[in-house]
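The values are calculated or read from the model by the stated rules, or taken from the named source; none is laboratory data. In this text, all values refer to a predicted model and were calculated from it rather than measured experimentally. Heads up, the Cβs are rebuilt from the backbone with ideal geometry, glycines too, and the neighbour counts pull from every protein chain shown.
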Amino acid sequence: MTSALTPPMGWNSWDCYGTTVTEAEVLANARFLAEHLLPHGWDTVVVDIDWSDPDARPHGYTQDAALVLDAHGYPQPAPGRFPSAAGGAGFTALAARVHALGLRFGVHVLRGIPRRAVAAALPVPGDGGWTAADVADPTSTCPWNGHMVGLDHAHPGAQAWLDGLVAQLASWGVDYVKVDDVLAPFHADAVRAWGTAIARSGREMVLSLSPGTRLSTEHLPVLREHAQLWRVCDDLWDRWEDVHANFARLARWAPHQRPGGWADADMLPLGRIGIRAERGEDRQSRLTPDEQRTLLTLWVMARSPLMMGGDLPTSDPATVALLTTPAVGHVLRTGVDGRELLREPAATDLGAGRTDAGEVVVWAARAGDGTRTRYVAVFWTGTNPRTEHLALSSLLGDADARAGRWAVRDLWSGTALPDPVPTGWEPEGRLDLEVPAHGVRWLALDPTDHPAPAAPGPHHRQEPS
């Protein structure tokens, strides 16, 4: 069975806790997710980087960390932060508690093998007689975290060591693995080795790769064969410039999205972030409400995975309401053919000789749930509101626009909009939209000769084992 037939939705500890998250904090977010967001499709909980570092700290990495390792050099959860891992139990108990909530459990792993395992020449499992020093490539290191060195994938013991690591993750009940430091630069050998190890483990796991700075679509054959998610940007934070930069990236990657293989625009820096994070202080997201809707709309229309980065129990209610807007999960799961239709510079006349420059960006998708509904997102990147006029023919094509009347719904508010304005020579009419600064109008267009789809109900799926 293929993993990730639709883009995963869940929570990741990075934006709020960086390297320092604890078992209690993971469980608090898992319970909140299960109670409030699971009915809308949010079903995955991911423990991010350095869970084996007992001395992890905010705002960076402990470069010479005394990672907790087993006899083969496999990272183990630090018991001071994850009490249920004491005695070599790993994440077994935590994963079981997450599964009992109806959720999936994921962990972050860095590419390579722990530097301390190499220094100690710890044995590689199996009868090859190899050690960690034999299978390491000390010239291949992560530039921002010194805990690991690369594996020499030309050596047969490298795959044996990695197979053992993945077998351990599988025995713990891991459903989702985020492997870091594999895409920038692109380590095709590591991607293949991870895909092979997961296939050999006997457990279905989603493989998520990061970070994706300047990731090229030329790597798609390798990515699609061995992974389900791949980042297409560096870490994204609560800055408008970070959101804006992903318009171009997602326009390039959207035509390549398909079940089992998703370009990932990174986590959602929404709600309460920075509690003990790598960057910034404890805060609610600095993105404005309109910028937050822009981010979510763009990610959904492009079918990027959605991983909430804020601490859910202490995020503001408006953020939770945003995440549980019915259209978010529904369009992400059922929308198809998402693409950028238009991007053009524009200026808004502010009077007194002043103008506001920005871009009008229009995305479209169609419903893949058997209806004829179309989805349209009209973005405006300027710093003041703008009125935009769009002919239905430019959104639907001439034939569909002229085939009948279309009813329009606002997907963020859930309310119906007035009928498209007749234009005389354009019998299908046009939409006149007030678009906020750095904002979006997100619409569903339903043909009136076809019943509008009912509001999406609770999201159901098979619970993980």
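Structure summary
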quantity	calculated
Tally, over region 240-257, of residues that are surrounded by fewer than 16 Cβ atoms within 10 Å (Cβ to Cβ) and among the small types (Gly, Ala, Ser)	2
In region 379-395, residue nearest to Arg333 (Cα to Cα) [restricted to those that are aliphatic (A, V, I, L, M) and touching a helix residue (DSSP H, G or I) at 6+ places or on another chain (Cβ under 9 Å)]	Leu395
Pick from region 41-69, criterion among the acidic types (Asp, Glu) and either within 30 Å of Leu322 (Cα to Cα) or in contact (Cβ under 8 Å) with a residue 24 or more places away in the chain (or both), ranking: surrounded by the fewest Cβ atoms within 10 Å (Cβ to Cβ)	Asp64
Counted residues, region 161-220 - those being of a type in the set (Lys, Arg) and in a helix (DSSP H, G or I)	2
Matching option when the condition is under 28 Å from Ser394 (Cβ atoms) and not in a helix (DSSP H, G or I), among Arg303, Arg286, Arg249, Arg279	Arg303
Region 306-317 - residue that is in contact with a strand residue (DSSP E or B) (Cβ under 7 Å, 6 or more places away or on another chain) and in a helix (DSSP H, G or I) and, of those, farthest from Ser413 (Cα to Cα)	Thr314
Subset of region 196-211 that is touching a helix residue (DSSP H, G or I) at 6+ places or on another chain (Cβ under 9 Å) and either farther than 20 Å from Phe105 by Cβ or basic (Lys, Arg) (or both) - its residue that is surrounded by the most Cβ atoms within 10 Å (Cβ to Cβ)	Arg203
Region 119-139 residues that are free of Cβ contacts under 8 Å to residues at least 60 places away in the same chain, paired with ones that are surrounded by 18 or more Cβ atoms within 10 Å (Cβ to Cβ) and hydroxyl-bearing (Ser, Thr, Tyr) (beta carbon under 9 Å, 6 or more apart)	Ala120/Thr131; Ala121/Thr131; Leu122/Thr131; Pro123/Thr131; Val124/Thr131
Members of region 94-112 found to be surrounded by 18 or more Cβ atoms within 10 Å (Cβ to Cβ) and farther than 16 Å from Trp11 by Cβ, listed by number	Val109, Leu110, Arg111, Gly112
Condition broken by Gly150, with the remaining ones in (1) touching a residue at least 40 places away in the same chain (Cβ under 8 Å); (2) closer than 25 Å to Leu220 by Cα; (3) within 25 Å of the chain's Cα centre (by Cα); (4) not in a loop (DSSP other than H, G, I, E, B) satisfied	(3)
Pro317 being in the same structural domain as Arg293 (by TED's automatic domain parsing) and loosely packed, with under 13 Cβ neighbours inside 10 Å	yes
Breaking point among (1) closer than 22 Å to Trp14 by Cβ; (2) touching a residue at least 12 places away in the same chain (Cβ under 8 Å); (3) within 24 Å of the chain's Cα centre (by Cα), for Pro185	(2)
Tabulated pairs, region 369-396, first without any contact (Cβ under 8 Å) to a residue 12 or more places away in the chain, second in a loop (DSSP other than H, G, I, E, B), C-beta under 9 angstrom, 6+ apart or interchain	Gly370/Pro453
Selection status of Ala85, surrounded by fewer than 21 Cβ atoms within 10 Å (Cβ to Cβ) and either in the same structural domain as Pro185 (by TED's automatic domain parsing) or among the polar types (S, T, N, Q) (or both)	no
Any hit, region 350-362, residues being polar (S, T, N, Q) and either in contact with a helix residue (DSSP H, G or I) (Cβ under 6 Å, 6 or more places away or on another chain) or surrounded by 18 or more Cβ atoms within 10 Å (Cβ to Cβ) (or both)	no
Enumerated strands (runs of 3 or more DSSP E) restricted to region 364-416, each holding at least 2 residues that are touching a Phe, Trp or Tyr at 6+ places or on another chain (Cβ under 8 Å) and either modelled with pLDDT under 95 or under 24 Å from Ala251 (Cβ atoms) (or both)	374-380, 386-391
